[in-house]
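Data first, discussion second: the structure below is written as C-alpha coordinates.
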Amino acid sequence: MKAMDLKKLVLVALAAPLMMINGASAAVVFICNPGTSLSEADVKAALQGEKASVKPCDNAGLKNEMLDSVLKITDKRYASQWQIKSFRDGMTIPPTKGSDADVIDYVKNTPGGMGYVSSKPSDGGVHLCY
(Lines give C-alpha, C1' and ligand atoms only; values in the text may rest on other atoms or scores of the structure.)
Protein backbone atom coordinates (compact mmCIF):
# COMPACT_ATOMS: atom_id res chain seq x y z
CA MET A 1 0.00 0.00 0.00
CA LYS A 2 1.32 3.45 -0.90
CA ALA A 3 2.17 5.84 1.93
CA MET A 4 -0.39 8.41 0.66
CA ASP A 5 -3.17 5.79 0.57
CA LEU A 6 -2.28 4.71 4.09
CA LYS A 7 -2.45 8.33 5.32
CA LYS A 8 -5.90 8.77 3.75
CA LEU A 9 -7.11 5.55 5.32
CA VAL A 10 -5.86 6.62 8.75
CA LEU A 11 -7.53 10.05 8.39
CA VAL A 12 -10.85 8.49 7.43
CA ALA A 13 -10.62 6.02 10.31
CA LEU A 14 -9.93 8.84 12.77
CA ALA A 15 -12.58 11.17 11.37
CA ALA A 16 -15.46 8.66 11.27
CA PRO A 17 -16.06 8.56 15.05
CA LEU A 18 -15.88 12.36 15.23
CA MET A 19 -18.49 12.66 12.50
CA MET A 20 -20.81 10.38 14.49
CA ILE A 21 -20.25 12.37 17.68
CA ASN A 22 -21.05 15.64 15.92
CA GLY A 23 -24.19 14.17 14.39
CA ALA A 24 -23.07 14.51 10.79
CA SER A 25 -25.54 12.86 8.47
CA ALA A 26 -27.23 13.10 5.13
CA ALA A 27 -28.48 16.46 3.96
CA VAL A 28 -32.20 17.00 3.51
CA VAL A 29 -33.18 18.54 0.15
CA PHE A 30 -36.73 19.84 -0.26
CA ILE A 31 -38.44 19.34 -3.60
CA CYS A 32 -41.72 20.68 -4.98
CA ASN A 33 -44.15 19.94 -7.75
CA PRO A 34 -43.38 22.18 -10.75
CA GLY A 35 -46.59 24.16 -10.09
CA THR A 36 -45.53 24.91 -6.51
CA SER A 37 -43.07 27.53 -5.30
CA LEU A 38 -42.09 27.63 -1.63
CA SER A 39 -39.70 29.57 0.57
CA GLU A 40 -37.89 27.98 3.50
CA ALA A 41 -40.56 29.38 5.85
CA ASP A 42 -43.31 27.96 3.61
CA VAL A 43 -41.68 24.51 3.72
CA LYS A 44 -41.57 24.55 7.52
CA ALA A 45 -45.19 25.74 7.67
CA ALA A 46 -46.30 23.01 5.26
CA LEU A 47 -44.52 20.33 7.30
CA GLN A 48 -46.48 21.49 10.33
CA GLY A 49 -49.83 21.63 8.55
CA GLU A 50 -49.96 25.41 8.39
CA LYS A 51 -50.14 25.67 4.59
CA ALA A 52 -53.25 23.86 3.34
CA SER A 53 -52.44 24.33 -0.35
CA VAL A 54 -49.30 22.20 0.00
CA LYS A 55 -49.44 18.39 0.12
CA PRO A 56 -46.27 17.24 1.94
CA CYS A 57 -45.03 13.67 2.19
CA ASP A 58 -42.44 12.17 4.50
CA ASN A 59 -39.38 10.13 3.53
CA ALA A 60 -39.00 7.15 5.88
CA GLY A 61 -35.20 7.13 5.51
CA LEU A 62 -34.75 10.83 6.25
CA LYS A 63 -37.63 11.65 8.57
CA ASN A 64 -35.60 11.72 11.79
CA GLU A 65 -32.91 13.85 10.14
CA MET A 66 -35.56 16.31 8.89
CA LEU A 67 -37.23 16.48 12.30
CA ASP A 68 -33.91 17.04 14.09
CA SER A 69 -32.36 19.55 11.71
CA VAL A 70 -35.35 21.41 10.27
CA LEU A 71 -38.32 21.32 12.65
CA LYS A 72 -36.25 20.54 15.76
CA ILE A 73 -38.96 18.33 17.26
CA THR A 74 -39.30 14.64 18.10
CA ASP A 75 -41.15 12.13 15.95
CA LYS A 76 -43.71 11.75 18.75
CA ARG A 77 -44.42 15.49 18.81
CA TYR A 78 -44.61 15.62 15.00
CA ALA A 79 -47.13 12.77 14.94
CA SER A 80 -49.13 14.43 17.71
CA GLN A 81 -49.25 17.76 15.85
CA TRP A 82 -50.53 16.04 12.72
CA GLN A 83 -53.15 14.05 14.65
CA ILE A 84 -54.47 17.29 16.11
CA LYS A 85 -54.48 18.95 12.66
CA SER A 86 -56.28 15.94 11.24
CA PHE A 87 -59.07 15.96 13.82
CA ARG A 88 -59.41 19.70 14.38
CA ASP A 89 -58.81 21.06 10.87
CA GLY A 90 -59.54 18.03 8.68
CA MET A 91 -55.99 18.05 7.31
CA THR A 92 -54.58 14.87 5.80
CA ILE A 93 -51.57 13.41 7.61
CA PRO A 94 -48.63 13.32 5.17
CA PRO A 95 -48.07 9.89 3.64
CA THR A 96 -44.71 8.28 4.36
CA LYS A 97 -42.79 7.11 1.30
CA GLY A 98 -40.11 4.44 1.49
CA SER A 99 -37.42 5.94 -0.73
CA ASP A 100 -36.22 9.05 -2.54
CA ALA A 101 -37.67 7.64 -5.77
CA ASP A 102 -41.09 7.20 -4.15
CA VAL A 103 -41.00 10.78 -2.81
CA ILE A 104 -40.04 12.14 -6.24
CA ASP A 105 -42.88 10.19 -7.85
CA TYR A 106 -45.39 11.51 -5.30
CA VAL A 107 -44.23 15.12 -5.64
CA LYS A 108 -44.20 14.94 -9.44
CA ASN A 109 -47.73 13.54 -9.63
CA THR A 110 -49.40 15.53 -6.83
CA PRO A 111 -50.52 19.13 -7.44
CA GLY A 112 -49.08 21.11 -4.52
CA GLY A 113 -46.79 18.17 -3.72
CA MET A 114 -43.70 18.67 -1.58
CA GLY A 115 -41.21 16.26 -0.03
CA TYR A 116 -37.61 15.79 0.96
CA VAL A 117 -34.86 13.61 -0.46
CA SER A 118 -31.18 12.96 0.22
CA SER A 119 -29.78 14.79 -2.82
CA LYS A 120 -30.82 17.12 -5.59
CA PRO A 121 -32.84 15.02 -8.06
CA SER A 122 -31.89 14.93 -11.73
CA ASP A 123 -35.54 14.30 -12.61
CA GLY A 124 -36.98 17.28 -14.48
CA GLY A 125 -40.46 16.59 -13.09
CA VAL A 126 -39.69 18.29 -9.76
CA HIS A 127 -37.69 21.30 -8.64
CA LEU A 128 -36.00 22.52 -5.46
CA CYS A 129 -38.36 24.42 -3.17
CA TYR A 130 -35.83 27.15 -2.31
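The values are calculated or read from the model by the stated rules, or taken from the named source; none is laboratory data. Computed from a predicted model, the values in this text were never measured in an experiment. Glycine also receives a Cβ, built like all others from the backbone with ideal geometry; neighbour counts cover every protein chain displayed.
Of all the residues in segment 26-47, those that are within 10 Å of the chain's Cα centre (by Cα) and over 17 Å from Asn64 (Cα atoms) number 1. Screening the candidates Lys51, Lys76 for the property of being of a type outside the set (A, V, I, L, M, F, W, C), surrounded by 15 or more Cβ atoms within 10 Å (Cβ to Cβ), more than 21 Å from Ala27 (Cβ to Cβ) and free of Cβ contacts under 8 Å to residues at least 24 places away in the same chain yields one hit, Lys51. I'm trying to understand the selection: among the residues of segment 83-108, which are in contact (Cβ under 8 Å) with a residue 24 or more places away in the chain, more than 12 Å from Asp58 (Cα to Cα) and not aliphatic (A, V, I, L, M)? Passing the criteria: Lys85, Asp89, Thr92, Lys108. Among the residues of segment 23-75, those identified as part of a loop (DSSP other than H, G, I, E, B) and aliphatic (A, V, I, L, M) are Ala24, Ala26, Ala27, Val28, Leu38, Ala52, Val54, Ala60, Leu62, Ile73. Residues in segment 85-100 that are surrounded by 12 or more Cβ atoms within 10 Å (Cβ to Cβ) and either among the β-branched types (Val, Ile, Thr) or touching a strand residue (DSSP E or B) at 6+ places or on another chain (Cβ under 9 Å) (or both): Thr92, Ile93, Pro94, Pro95, Thr96, Lys97, Ser99, Asp100. Residues that are in a loop (DSSP other than H, G, I, E, B), over 15 Å from Val28 (Cα atoms), modelled with pLDDT under 95 and more than 13 Å from the chain's Cα centre (by Cα) occur at least once in segment 91-109. Taking each residue of segment 60-71 that is without any contact (Cβ under 8 Å) to a residue 40 or more places away in the chain and loosely packed, with under 15 Cβ neighbours inside 10 Å and looking for partners that are among the small types (Gly, Ala, Ser) and not in a helix (DSSP H, G or I) with beta-carbon atoms closer than 7 Å, six or more apart or interchain, yields Ala60/Gly98. Identify, please: which residue in segment 111-126 is surrounded by fewer than 19 Cβ atoms within 10 Å (Cβ to Cβ) and in contact (Cβ under 8 Å) with a residue 12 or more places away in the chain and is, among those, nearest to Gly49 (Cα to Cα)? Only one residue tops the list, namely Gly112.
Does Asn64 fit the bill of being under 14 Å from the mean Cα position of the chain (by Cα), at pLDDT 90 or above and farther than 21 Å from Thr110 by Cβ? Yes.
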